[in-house]
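Enquirer: Attaching a single structure in C-alpha cells format; questions to follow.
Bear in mind these aren't lab numbers, they're just calculated from the coordinates by the rules spelled out. Note that this is a predicted model, so its numbers are computed, not measured. Cβ: placed from backbone, ideal geometry, glycine included. Neighbour counts: every protein chain shown.
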Amino acid sequence: MESISLKLDVFEGPLDLLLHLIQQLEIDIYDIPIADVTEQYMNFIHTMKTLELEVAGEYLVMAATLMSIKSQMLLPKQELDFEYEEEEGEDPREALVQQLLEYRKYKYAASVLSEKEQERSLFYTKAPMDLSDYEEEILPLPQNQLNTIDLFLALHDVLQRKKRNQPVETTVTTETITVDQKVAEIGSRLEKLSEDEGLTLESFFVQYTKDEVITTFMALLELMKKGQATAKQAETYAPILIFRGAIL
C-alpha cells in the first residue's frame with residue numbers, strides 16, 4: 001500500500017518551533033542549553049517523519065545548525081599558557097539568539113496588529129453621502145449689512161463702555177415698558193429718517209437698566225425680522241447704525 005504524505009503546519013517555521021521549546025523548557029533565551037533544545041527539536045523532526053508528514057527544508061537546515069552549534073560547544077577548549085589573560089571566544093549560540101530575539105519581536109508586533117484588525121472589523125464605515133439636496137440656500141447679506149449676532153456683540157460693547165463712563169444707579173424705578181411699546185417707539189423714530197440717515201445704538205438707551213436693555217434689544221430684533229429696520233456698519237470698528245427698513 002502506497003504511503004500517504006501529509007503536511008502539518010503546526011509552527012510557522014523553525015524559529016517558531018525553537019521559541020516554543022524554550023518556553024516549554026522554561027529556559028533563558030540568552031543562555032540556551034543547546035543539547036536539551038537540540039534533542040527536543042530532533043524529536044519533533046523524527047515524529048513528523050514517523051507520521052509520514054512532510055518536513056520543510058528550512059526545518060532540516062535548522063536541525064543541521066543546532067547540531068553544528070552542539071558540536072562546537074562539546075569541543076574541548078585549548079588551554080594556552082600566556083602571561084596575559086586570554087580573551088573569551090565568541091559564543092557559537094550568539095547568532096541563533098539574535099535570530100530568535102528578532103523573530104520574537106516581529107511575532108509580537110504581528111499579534112498586536114492582528115488584534116487591532118479584529119477590533120477594527122467590528123466597526124462599520126459608511127461611505128460619505130451627498131447632502132447637497134438638503135442644504136438650505138443662504139443668501140449673503142448686502143454689503144455693510146449686519147446680522148443679529150453682530151448687533152448683539154455691538155450692544156454688549158456699548159453697555160460695557162457706558163458701564164465704565166456712567167455712575168451706578170441707586171434709584172429704583174417701577175416704570176416698565178413692553179416690547180411692543182418699544183417697537184412702536186423705535187419704529188416711530190425710524191419713520192422720521194430719510195433712507196440715508198441712521199441712528200446709533202446709544203441713542204436708543206436712556207437709563208441703561210437691565211429691563212431697558214432687554215426690551216430695546218428684543219424690539220430691534222423684531223423690527224429687523226419684519227424688515228422695518230436694518231443694521232449697517234460703514235467699516236470695521238465703525239459705529240453700528242440703525243436705518244429705516246423698506247417696510248414701515
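Enquirer: Skipping prolines and chain starts, which residues have an amide H placed within reach, meaning under 5 Å, of the one on A229, given they are 5 or more residues away or on another chain?
Expert: Close amide H contacts, sequence-distant or interchain: M224, G245.
Enquirer: Which order do the peptides 128-134, 208-214 take when ranked by the mean count of other beta-carbon atoms within 10 Å per residue, highest first?
Expert: Packing order, densest peptide first, comes out as 208-214, 128-134.
Enquirer: Using the Karplus equation 6.51 cos²θ - 1.76 cosθ + 1.60 (θ = phi - 60°), what ³J(HN,Hα) coupling, rounded to whole Hz, does each residue of the range 33-39 give in order, writing x for Gly and Pro?
Expert: So the Karplus estimates, Gly and Pro as x, are x, 4, 5, 5, 5, 5, 4 Hz.
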